[in-house]
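Take a look at the structure below.
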Amino acid sequence: MTIHNLQDLKRFNDTGQSQNTVSMSLINQKDSSNATNMKRMSVSLSGDAAQLLESLSKAQGITQNEALRKAIATEAYIRQEILQGTKVLLQKPDGEIREVVFR
């Protein structure tokens with residue numbers, strides 16, 4: 001599945017796990033300079049989610065572990081801002097502004 005817009009992302013999230021899952025290891029760390037803060041974990045991703053993770057890591061020139069850590073940190077930051085009443089807005093190149101609604 002390719003995600004081009006928010007509707008595609010919603011459909012992706014609504015589909016849940018597909019039967020095709022990919023296992024991967026990740027290291028969750030608070031501070032990359034301190035190995036004692038790392039925790040080894042195993043996660044199962046749908047094939048679509050695994051492809052998205054691979055695409056994100058390649059586009060940024062980082063490992064899949066780092067892409068996953070960045071995604072988690074971004075989600076945490078956005079959730080914290082939303083809890084404080086902040087709205088998340090995206091401005092398209094033509095100037096149109098859309099609010100992003102997280103559920």
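The values are calculated or read from the model by the stated rules, or taken from the named source; none is laboratory data. None of these values were measured; they are calculated from a predicted model. FYI the Cβ positions are ideal-geometry reconstructions off the backbone, even for glycines, and counts take in every protein chain you see.
Some values worked out for this structure:
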| quantity | calculated |
| --- | --- |
| Qualifying residue in the stretch 71-84 (condition: in contact with a Ser or Thr (Cβ under 7 Å, 6 or more places away or on another chain) and either without any contact (Cβ under 8 Å) to a residue 60 or more places away in the chain or over 24 Å from Val100 (Cα atoms) (or both)) | no |
| Check on Asp31, part of a loop (DSSP other than H, G, I, E, B) and modelled with pLDDT of 95 or more | no |
| In the stretch 44-103, the residues that are of a type in the set (Lys, Arg), assigned to a helix (DSSP H, G or I) and loosely packed, with under 14 Cβ neighbours inside 10 Å | Lys58, Arg79 |
| Residue identified as hydroxyl-bearing (Ser, Thr, Tyr) and out of contact with any helix residue (DSSP H, G or I) (no Cβ under 9 Å at 6 or more places or on another chain) among Thr74, Thr63 | Thr74 |
